[in-house]
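So the structure is just underneath, and the comments pick up after that.
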Amino acid sequence: MKTRITIMPRLCAILLWFLTIPAVHAQQSAIHQRLLLHVAELNALSVSPTVPAVEMQSAREAISRLVWTSNGNEKKITVAQRPPHTAGIRITLRDMDHRIAATQSVELTGPATIDLLYGLERSAGSCVVEFTVISPQVADSPPVQIIYTVTNS
Amino acid sequence: MMRIPYLPTLLAVAAVAYSTAGAQSHNHTVRVSVAVITALKVSSGTVNLTITGAGVIAGQDLMTVVDQSTSLLWGTNSSGKKVTVQSNLASPKYTLKVEALGPTQGTAAGQVVLSSVARDFLLNIGRSSGTCSIRYVGEALASQGAGSDAHTITFTIANQ
């Protein structure tokens, strides 16, 4: 009796594949993969528009929207102006969409950094920021940079 | 000169014996048995996902990270098979989703949230060898704070 062995080409390919991969010699039907998902402490701030136009002469108001996200504990947002403007700028917060303690109005008159929002804890939120020039100044004043910072309370 | 007695006779007997042996045949049976074979391999045994500042948008509570650096390879000679996926963590701190991308055989089951319950990852992979990319999406809420989850992900070939 003649012996005839027929193996389909596809099956041959599968068997060859098994033989050429050392890791599968055990014919495992399950495999494990270790995965580490790490979340660092993260803080993000954004202001829009970034350059509100404040008319110095008439002390008109300008507004921006401040938005934030923080997953840290006991955080606050401070504000400062660089370089300090001799006229001073009043910053008022309104339309807060988050239950945090807010200083409703601060005045930036020097180089000091002032608390603007505190009790910022593991949250995302936003508010409207109004800018007012406290005392009108002469024209051609240099632009003032307002710096917001998320920091520890 | 030395003479070997009966040499012609011996040669004749040997010739007959050789011709008789050449005409014989022997049979035996060879049985090739191929058992159900399944094989799985991942291109890397370790994956690290870190949510950094790039995954954070100010004003949004949700922070995400995506990894598509590893792939799954499989082979099976049995029909009616699928690949399932599960984690060893029953209640992870953060949400981890997984999805098969571009399988060369079978059908991707779509994005699933990983838990300790096995979920379909690939369907209809029977009698094939193939590969696909593994796409992980890690999600964290700002309210969940900082931290980490260490998963052991298990891919299994199972009956469909």
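The values are calculated or read from the model by the stated rules, or taken from the named source; none is laboratory data. The shown structure was predicted, so the numbers you read here are calculated from the model rather than taken from an experiment. Positions of Cβ are backbone-derived with ideal geometry, glycine not excepted, and every protein chain shown enters the neighbour counts. Just so you know, the surface numbers come from the protein's heavy atoms only, side chains and all, with ligands and any DNA or RNA stripped out. Shrake-Rupley method; radii C 1.70, N 1.55, O 1.52, S 1.80 Å.
Below is a table of values for the structure above.
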| quantity | calculated |
| --- | --- |
| Region B:21-78, residues that are at the interface with chain A (Cβ under 7 Å from one of its Cβ atoms) and small (G, A, S) | B:A39, B:G45, B:G53, B:A58, B:G59, B:G75 |
| Listing of strands (runs of 3 or more DSSP E) fully contained in region A:73-153 that carry 3 or more residues being open to solvent by 60 Å² or more (accessible area, probe 1.4 Å) | A:145-152 |
| Test: B:T131 is among the hydroxyl-bearing types (S, T, Y), open to solvent by 30 Å² or more (accessible area, probe 1.4 Å) and closer than 18 Å to B:S91 by Cα | no |
| Strands (runs of 3 or more DSSP E) lying entirely in region B:14-87 (those with 3 or more residues that are modelled with pLDDT under 90 and of a type in the set (A, V, I, L, M, F, W, C)) | none |
| In region B:61-80, the residues that are open to solvent by less than 20 Å² (accessible area, probe 1.4 Å) and over 14 Å from A:V39 (Cβ atoms) | B:T70, B:L72, B:W74, B:G75, B:T76 |
| Members of region B:131-160 found to be in contact with a Pro (Cβ under 6 Å, 6 or more places away or on another chain) and either more than 10 Å from chain A (Cβ to nearest Cβ) or among the hydroxyl-bearing types (S, T, Y) (or both), listed by number | B:C132 |
| Number of positions in region B:135-156 that are under 13 Å from the mean Cα position of the chain (by Cα) and either under 14 Å from B:T50 (Cα atoms) or crowded, with 22+ Cβ neighbours inside 10 Å (or both) | 1 |
| Selection from region B:86-104 of residues that are under 21 Å from B:L62 (Cα atoms) and open to solvent by 60 Å² or more (accessible area, probe 1.4 Å) | B:S91, B:K93 |
